[in-house]
Amino acid sequence: MTGSNLDDCSSCKACELASTRQSVVISRGNPNANLMLIGEAPGAQEDAQGVPFVGRSGRALDQLLRDVDLDPEHDLYICNAIKCRPPNNRRPIKAELAACRSWLDLQLEAVDPKVIVLTGATAVEAILGIKGGMTQLRGQWQSWNERAVMPIFHPSYLLRNPSKAAGAPLDLTRRDLATVQQRLCEPCSASN
Ligand code: URA
């Protein structure tokens, strides 16, 4: 166990990334939300500001969330599978994911989300243990510890595939997030 209190995360030195990071990037958004979104790892902007998803990918993500009536600051809690930037934005290695896992588990325990969105293959592998195959997995509800889990494409993939055509990755991701938004609203419509 790396730590037992999320407050200790900012001083974590459990892996090599501690020596190259500027910031430990923990979360943004609402810790009381029913929805938690997990990405891969901080990039350069996130490392500089100490906040997840604030660079180009983050702006693309926020726009998609707003498109489906989800407020990025109030309707969800946003974090990453690992909290420190890998040099040159390479994919996190297994040892880094393992070293950081207890922080992610503390976040999951504290937020206790009903629904989890996993953006990209790293988050999918970290939580569901499924490798690759995002094209098949995205948009398909999964389950983890009795929580509904929705894998979606990573916003950096969407930036590389900007087509606005129906059925293109951007459109599919908007539909996946709309499905998530509807699921979050199910209890409200059931009680009306
Ligand atoms: N990509 C991620 O997966 N997370 C961030 O915080 C930024 C970019």
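The values are calculated or read from the model by the stated rules, or taken from the named source; none is laboratory data. Source: prediction; values computed, not measured. Every residue, glycine as well, gets a Cβ built from its backbone with ideal geometry; the counts of neighbours run over all protein chains shown. Each accessible area value is taken on the protein alone, full model and side chains, heavy atoms only, with ligands, DNA and RNA left out. Shrake-Rupley method; radii C 1.70, N 1.55, O 1.52, S 1.80 Å.
A few notes on this one:
- Shown are 59, 175, whose ranking by accessible area with a 1.4 Å probe and every protein chain present, most to least, is 59, 175.
- Cα gyration tensor shape of region 1-61, rounded if a/c is under 1.5, else prolate or oblate by comparing a/b with b/c: oblate
- In a simple Cβ point-charge model (Lys, Arg +1; Asp, Glu -1; nothing else charged), region 81-127 has a dipole of about 260 debye relative to its Cα centre.
- Nearest 10 degrees, 0 to 90: helix 56-67 Cα axis against the chain principal axis: 30 degrees
- Tensor-based shape of region 104-192 (alpha-carbon gyration tensor, a/c under 1.5 rounded, otherwise prolate or oblate): oblate
- The angle separating the long axis of helix 94-111 from the principal Cα axis of greatest extent in the chain is about 60 degrees.
- Accessible surface of region 68-192, 1.4 Å probe, proportion on carbon and sulfur as whole %: 49 percent
- Whole-Hz Karplus values for region 167-180 come out as x, 6, x, 5, 5, 5, 5, 4, 5, 5, 5, 5, 4, 5 Hz, taken residue by residue from phi with 6.51 cos²θ - 1.76 cosθ + 1.60 and θ = phi - 60°; glycine and proline positions read x.
- With contacts taken as Cα pairs under 8 Å and at least 6 residues apart, region 1-89 reaches a relative contact order of 41 percent.
- Cα gyration tensor shape for region 1-114, rounded if a/c is under 1.5, else prolate or oblate: oblate
- Region 125-155: trypsin sites (Lys or Arg not before Pro) in DSSP loop, at most 13 other beta carbons within 10 Å: 131
- Along its principal axes, region 35-191 has C-alpha extents of 45, 36, 30 angstrom, given from the largest down.
- Accessible area, probe 1.4 Å, largest first, for residues 96, 146: 146, 96
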